[in-house]
1. Given the structure, is residue 307 outside any strand (DSSP E or B), surrounded by fewer than 24 Cβ atoms within 10 Å (Cβ to Cβ) and touching a residue at least 12 places away in the same chain (Cβ under 8 Å)?
2. Looking at (1) within 15 Å of the ligand (Cβ to nearest atom); (2) in a helix (DSSP H, G or I); (3) among the small types (Gly, Ala, Ser); (4) surrounded by 24 or more Cβ atoms within 10 Å (Cβ to Cβ), find the lone condition where residue 106 falls short.
3. Scan segment 229-276 for residues that are within 12 Å of the ligand (Cβ to nearest atom) and either under 23 Å from residue 199 (Cα atoms) or surrounded by 23 or more Cβ atoms within 10 Å (Cβ to Cβ) (or both) and report the count.
4. Quick test for you: out of 181, 205, 221, pick the one residue that is more than 11 Å from the ligand (Cβ to nearest atom), crowded, with 20+ Cβ neighbours inside 10 Å and more than 30 Å from residue 368 (Cβ to Cβ).
5. If you go through segment 32-50 one residue at a time, how many are farther than 23 Å from residue 97 by Cβ and surrounded by 11 or more Cβ atoms within 10 Å (Cβ to Cβ)?
6. How many residues does segment 138-178 contain that are more than 17 Å from residue 267 (Cβ to Cβ) and either among the aromatic types (Phe, Trp, Tyr) or within 16 Å of the ligand (Cβ to nearest atom) (or both)?
7. With more than 15 Å from the ligand (Cβ to nearest atom) and surrounded by fewer than 23 Cβ atoms within 10 Å (Cβ to Cβ) as the only criterion, which of 295, 318 stands out?
8. Is segment 156-166 home to any residue that is in a helix (DSSP H, G or I), buried (at least 17 other Cβ atoms within 10 Å of the Cβ) and either on the phi > 0 side of the Ramachandran plot or charged (D, E, K, R) (or both)?
Amino acid sequence: MFDHLQHLESEARVLELSADQRHHLTREAVAYTERFYENCPRRPIYQYTDDMGAGILTSPISPGPIDIDEALHLLHRYVDSPGLNAAAPGDLAYIPAGGLYPAALGDYLSAVINLYTGIFAVAPGAVRLENMLLRWMGELVGYPADAAGNLTTGGSIANLTSVVTARDAHSLKPKDYARSVVYVSGERHHSIDKALRIAGFTEVVMREIGMDATYHMRPGVLAAQIDADQKAGLNPWLVVANAGATNTGAVDPLTEIGQVAHDRGLWFHVDGAYGAFFTLCEPGRERLRGIERSDSVIMDPHKSLFLPWGSGAVLIKDRRTMVASHHYSPSYLQDVEGGEELSPSDLSPELTRNFRGLRLWLPLKLFGTRPFAAALEEKMLLARYFRARLCEMAGFEVGPEPDLSVVLWRYVPARGDADAFNTQLVEAIKRDGRVFLSSTRIDGVFWIRLAALAYHTHKDTIDLAIDVICERVAAVLEAG
Ligand SMILES: *Cc1c(COP(=O)(O)O)cnc(C)c1O
């Protein structure tokens, strides 16, 4: 038996690296990082490769090792090359990606120190750090200092946490679901619907409240609908408003909606996944006034704080409701109960989780908040600038003046079907490879969107986008 044990130990000890081995791996990874950044400006924004990554499957997981060179080669060739080059300034599609370098170091250090951040007593410094970040976000949206919150992996989980908390705060039981009513915008994000379904609300009554011509929910219509539902014996429960709708960037009239919701005893949730961090800059704060009236709000650092994907946040104004929905005391955790700070696992479906606050804390500390505020105000101005440039040119139709940093536009050709033309146009722009734009449909109309949110998107990027658009319009007109 001892022979076998010794043999197993010698195999298993491969997992324990010496300092030299660590240095070697780290050097290779850093060299990869620098090649990646150097290469970025030369890469098309959307890269088509021969096999679009399928080659990764030719190297299956196996008992034997490969070395770091080979692993990084696989990563480069099959994983980081095909598809969207998320590190490029010309990413103006969907909600553009960030990827601040200090956040990558935060992830790295977080994995190295590998703290167990589900529970305060286990990693008190880490939980204090995360709760400090959440209190800072709470201040941004005007929440009281004793609000609760959680750093999530993204906005969808944050919306789910909000829906579940709102459900329990109103003591809704399954027998109540079919007569409970949720009030939403036609421009809500689909993760709201998904959260409701996952939370069991397949039979809930959904009311899409009419929007004005600039895609904002109309508070008067909301009030009338709630009153009618109340009169009809239904149970109006939840209002969800946008602080930056994904399609249009529109911020609903939060002050008025908050008033309507509170006067009638509904839970008021604000989806600020894209928009809520615009409270960092003065014009954004102005636009988002009323966000403090919400009972819950979500905001995605991996959108408007330019973090790599994997960071959302949810804030709940009344901490007791959030704890009531998520807290358990199992016997195997009896040694680590309680403490000065709320534990993340008492505010989330998760127990074990990574120390995800570090990827946010490190950039905020190394840069301070000032450059973030400037960047967000810059993006708001860039969106206005882009829209104004298009307005000066013949043939373009634009959507409303942007609330934040999304512009809707399309080209209306003198002859032929505009939807078909713009479908071709957005594909031609993608193939061109210098900037990346996405399209959508609103009230049946095909629009192209420009979202200025990548941290390295500046005026030169917008000027380039205008040039590319004009060239491609000419090319599609000619081909058509
Ligand atoms: C992106 C987005 C979400 C979903 O967030 P994920 O981080 O992608 O899960 C929800 N609401 C809005 C308005 C969004 O833009």
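1. On the way: outside any strand (DSSP E or B): yes; surrounded by fewer than 24 Cβ atoms within 10 Å (Cβ to Cβ): no; touching a residue at least 12 places away in the same chain (Cβ under 8 Å): yes.
Against the criterion (outside any strand (DSSP E or B), surrounded by fewer than 24 Cβ atoms within 10 Å (Cβ to Cβ) and touching a residue at least 12 places away in the same chain (Cβ under 8 Å)), residue 307 does not qualify.
2. (1)
3. Of the residues in that region, 20 qualify.
4. So the residue among 181, 205, 221 that is more than 11 Å from the ligand (Cβ to nearest atom), crowded, with 20+ Cβ neighbours inside 10 Å and more than 30 Å from residue 368 (Cβ to Cβ) is 181.
5. 0
6. Final tally of qualifying residues: 8.
7. Unique residue meeting the criteria: 318.
8. Let us first name the residues in segment 156-166 that are in a helix (DSSP H, G or I), namely 156-166.
Among the residues that remain, those that are also buried (at least 17 other Cβ atoms within 10 Å of the Cβ) are: 156-166.
Cutting the leftovers down to either on the phi > 0 side of the Ramachandran plot or charged (D, E, K, R) (or both) gives us none.
Looking for residues that are in a helix (DSSP H, G or I), buried (at least 17 other Cβ atoms within 10 Å of the Cβ) and either on the phi > 0 side of the Ramachandran plot or charged (D, E, K, R) (or both), one finds none in segment 156-166, hence no.
The values are calculated or read from the model by the stated rules, or taken from the named source; none is laboratory data. As the structure is a computational prediction, the values presented were derived from the model and not from experiment. So basically every Cβ, Gly included, is an ideal-geometry build from the backbone, and we count neighbours across all protein chains shown.
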